[in-house]
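Report on the following structure.
Every number in this text was worked out from the coordinates using simple rules, so none of it is lab data. Everything numeric here is computed off the predicted structure, so don't read it as measured data. Note that we place each Cβ from the backbone using ideal geometry, even for glycine, and neighbour counts take in every protein chain shown.
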Amino acid sequence: MVDFECDDYHCDLCAMDFYDLIEKLISDIQLLEPKAVYLRYLLSKHLPQWDGEMLRSDIFNDLAGRYWDLPAYKKYMSDYCGGVDPFDRGAYNDLMWRISRGRAIVGL
């Protein structure tokens, strides 16, 4: 509950807090996902061949969900990301692809 009336100024402040929270959550996810993928890749090298291949083929499964269909996330992308999902940016996707194939190392 807020201790002020919701006028345009305070609504803008709440929206900024909301967007700051989304930024921090995205940052946390983008820090943890590469580590999870890297650990799966390392584990796959120590499993029997078939199991290792299966793990590598599903290496991205069960990571954080994507939020592009949620109205609040759509507004965040529209207002602060130029309409582009931060998880779909080329540099992040390239990093994840390289990690999943053992071509990049992630500090743990």
Exercise for review: With N set to the residue count of the chain, report its C-alpha Rg divided by 2.2 N^0.38 Å to two decimal places.
Suggested key: 1.42
Revision key, fill the gap. In nanometres, the difference between 0.36 nm per residue of separation and the alpha-carbon distance of Asp28 and Leu43 is 3.1 nm
Exercise for review: Output the DSSP H helices from the chain with an along-axis C-alpha extent of no less than 27 Å and a mean Kyte-Doolittle hydropathy no less than -1.0.
Suggested key: 8-44
**Study point:** Within straight-line cross-link reach of Lys24, lysines at Cα separation under 28 Å, skipping those fewer than 8 residues along the same chain
**Key:** Lys35, Lys74, Lys75
**Study point:** Potential lengthening between Asn61 and Ser78 on full extension [0.36 nm per residue; Cα-Cα distance subtracted]
**Key:** 3.4 nm
Exercise for review: Can you tell me the relative contact order of region 8-100? Whole percent, Cα pairs under 8 Å, sequence separation 6 or more.
Suggested key: 31 percent
Review point. Longest segment of the chain with no chymotrypsin sites (Phe, Trp or Tyr not before Pro) in a DSSP loop having at most 12 other Cβ atoms within 10 Å?
Key: 5-67
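If you keep only loop residues by DSSP, which trypsin sites (Lys or Arg not before Pro) in region 20-92 have at most 16 other Cβ atoms within 10 Å of their Cβ?
Here the sparse-neighbourhood loop sites are Lys45, Arg66, Arg89.
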